[in-house]
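Enquirer: Attaching a single structure in structure tokens format; questions to follow.
The values are calculated or read from the model by the stated rules, or taken from the named source; none is laboratory data. Predicted model, so just to flag it, every value in this text is computed and none were measured. Glycine gets a Cβ as well: all are built from the backbone with ideal geometry, and neighbour counts include every protein chain shown.
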Amino acid sequence: LAKTTQPISMDSYEGQEVNITCSHNNIATNDYITWYQQFPSQGPRFIIQGYKTKVTNEVASLFIPADRKSSTLSLPRVSLSDTAVYYCLVAYSSASKIIFGSGTRLSIRP
Amino acid sequence: GAVVSQHPSRVICKSGTSVKIECRSLDFQATTMFWYRQFPKKSLMLMATSNEGSKATYEQGVEKDKFLINHASLTLSTLTVTSAHPEDSSFYICSARAGQPNEKLFFGSGTQLSVL
């Protein structure tokens with residue numbers, strides 16, 4: 001299982017772009033990288049998933065370098081409602097275990 | 001995205017009683033479901049992996065007789081906390097794997113269990 005490392009916490013301000021990086025040095029060839037968002041007392045919510053290069057959807061972008069040993073979640077123009085914990089998961093599609101790392105607690109200020 | 005329904009969202013029970021938590025995949029078939037436990041301001045801890053029609057696989061340190069998992073159909077998995085004690089109070093979250101080829105995980109809304 002690939003171990004992930006993220007900053008424990010980050011602070012930013014409304015309207016800024018926020019980039020959260022996750023390290024996964026022992027990522028395997030078949031592993032995908034998926035990011036989730038969790039608000040207090042709720043289950044995690046899928047944000048974005050990628051395998052390599054760049055993926056963009058309506059809420060975020062995911063940048064993955066060629067060696068795939070890290071990935072960066074980019075949130076454009078954050079708002080107060082983006083205050084949450086963000087988790088990076090690395091696993092292959094039919095993995096029998098999905099292990100969460102510590103996550104990054106993002107706080108957005110006015 | 002796919003919807004995973006988890007009930008109840010909150011339960012308060014007396015010590016010694018058993019509590020059942022249901023996890024349903026509403027618009028897809030989930031051959032695999034995962035059960036997690038989460039303490040305040042901590043990450044999710046995997047408790048067990050539930051496969052339809054077979055016994056669940058428990059993580060080290062999780063008592064299988066204490067946390068009974070049943071995955072009898074492709075859309076329903078249940079977690080029963082037997083003879084609950086105050087130390088079992090926690091936030092329990094289920095997750096189901098859906099779709100091909102990337103098989104994303106979708107999560108229930110969680111169940112806050114409080115044992116008095």
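Enquirer: Would you confirm whether any residue within region A:97-110 is modelled with pLDDT under 95, surrounded by 13 or more Cβ atoms within 10 Å (Cβ to Cβ) and more than 15 Å from the chain's Cα centre (by Cα)?
Expert: No, that holds for no residue.
Residue-by-condition table, conditions (1) surrounded by fewer than 19 Cβ atoms within 10 Å (Cβ to Cβ); (2) basic (K, R); (3) in a loop (DSSP other than H, G, I, E, B):
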site	(1), (2), (3)
B:C23	no, no, no
B:K41	yes, yes, yes
B:D65	yes, no, yes
B:S77	no, no, no
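Enquirer: Given the residues A:S71, A:S79, A:S107, which is the only one that is over 19 Å from B:F106 (Cα atoms), of a type in the set (S, T, N, Q), within 14 Å of another protein chain (Cβ to nearest Cβ) and touching a residue at least 12 places away in the same chain (Cβ under 8 Å)?
Expert: Details: A:S71 fails: within 14 Å of another protein chain (Cβ to nearest Cβ); A:S79 fails: within 14 Å of another protein chain (Cβ to nearest Cβ).
From the options A:S71, A:S79, A:S107, the qualifying one is A:S107.
Enquirer: To continue, here is another question. Check region A:68-87 and report whether any residue there is surrounded by fewer than 18 Cβ atoms within 10 Å (Cβ to Cβ) and touching a Gly at 6+ places or on another chain (Cβ under 6 Å).
Expert: Yes.
Enquirer: Quick check on region A:14-30. Is at least one of its residues farther than 18 Å from A:F100 by Cβ, within 14 Å of another protein chain (Cβ to nearest Cβ) and exposed (fewer than 13 other Cβ atoms within 10 Å of the Cβ)?
Expert: Just the residues of region A:14-30 that are farther than 18 Å from A:F100 by Cβ, to begin with: A:14-19, A:29-30.
Checking the rest, the ones that are also within 14 Å of another protein chain (Cβ to nearest Cβ) come to A:30.
From what is left, the residues that are exposed (fewer than 13 other Cβ atoms within 10 Å of the Cβ) are A:30.
Yes, region A:14-30 contains a residue that is farther than 18 Å from A:F100 by Cβ, within 14 Å of another protein chain (Cβ to nearest Cβ) and exposed (fewer than 13 other Cβ atoms within 10 Å of the Cβ).
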